[in-house]
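The values are calculated or read from the model by the stated rules, or taken from the named source; none is laboratory data. Because the structure is a prediction, the values reported are computed rather than measured. All Cβ positions, glycine included, derive from the backbone under ideal geometry; neighbour counts span all protein chains shown.
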Amino acid sequence: MVNSCRTYALTMLLGFPLSLGCVSESEVEAEADTSLQAPYLDTVAALHGALHLFWTNETLNCDAIEVERSTPKQAYVVIASVKSDVEDLSDDDATDPSVRYSYRLRCRKGDLYSPYSNEDARSPKAS
């Protein structure tokens with residue numbers, strides 16, 4: 001297949017074209033063929049006064065697993081990015097026993113992301 005390049009342009013309100021870059025047909029096809037599966041968050045466990053996450057990742061060719069955390073007062077933020085073969089993480093910053101911490105994961109490959117995993121939540125107090 002010939003690797004031709006298509007330039008995409010955006011015409012501004014004044015009629016001036018604005019180039020948004022060039023994407024080759026092979027790159028477009030690679031993105032269309034990539035299907036990343038979300039990791040599965042098995043459990044969040046209270047251990048040693050903090051929280052420990054355990055998950056299963058079926059997409060081992062992703063570049064990283066991004067771990068996100070939220071609290072009742074804070075939206076989800078990325079707290080860690082680990083290699084795709086890692087399947088657990090200790091969140092040593094989740095130590096307030098009065099706070100319920102929520103987690104979700106996703107697989108990243110280049111600029112592509114899987115859907116988010118299931119969510120799980122827990123406080124670090126022993127249950």
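Here are a few things to note about the model shown:
- Any chance Ser84 is hydroxyl-bearing (Ser, Thr, Tyr), modelled with pLDDT of 95 or more and closer than 29 Å to Pro124 by Cα: no
- The stretch 51-123 holds strands (runs of 3 or more DSSP E) entirely within its bounds, and those carrying 3 or more residues that are surrounded by fewer than 17 Cβ atoms within 10 Å (Cβ to Cβ) and under 14 Å from the mean Cα position of the chain (by Cα) map to 74-82.
- Test: residue in the stretch 34-42 that is among the hydrophobic types (A, V, I, L, M, F, W, C), in contact with an Asp or Glu (Cβ under 7 Å, 6 or more places away or on another chain) and part of a strand (DSSP E or B): yes
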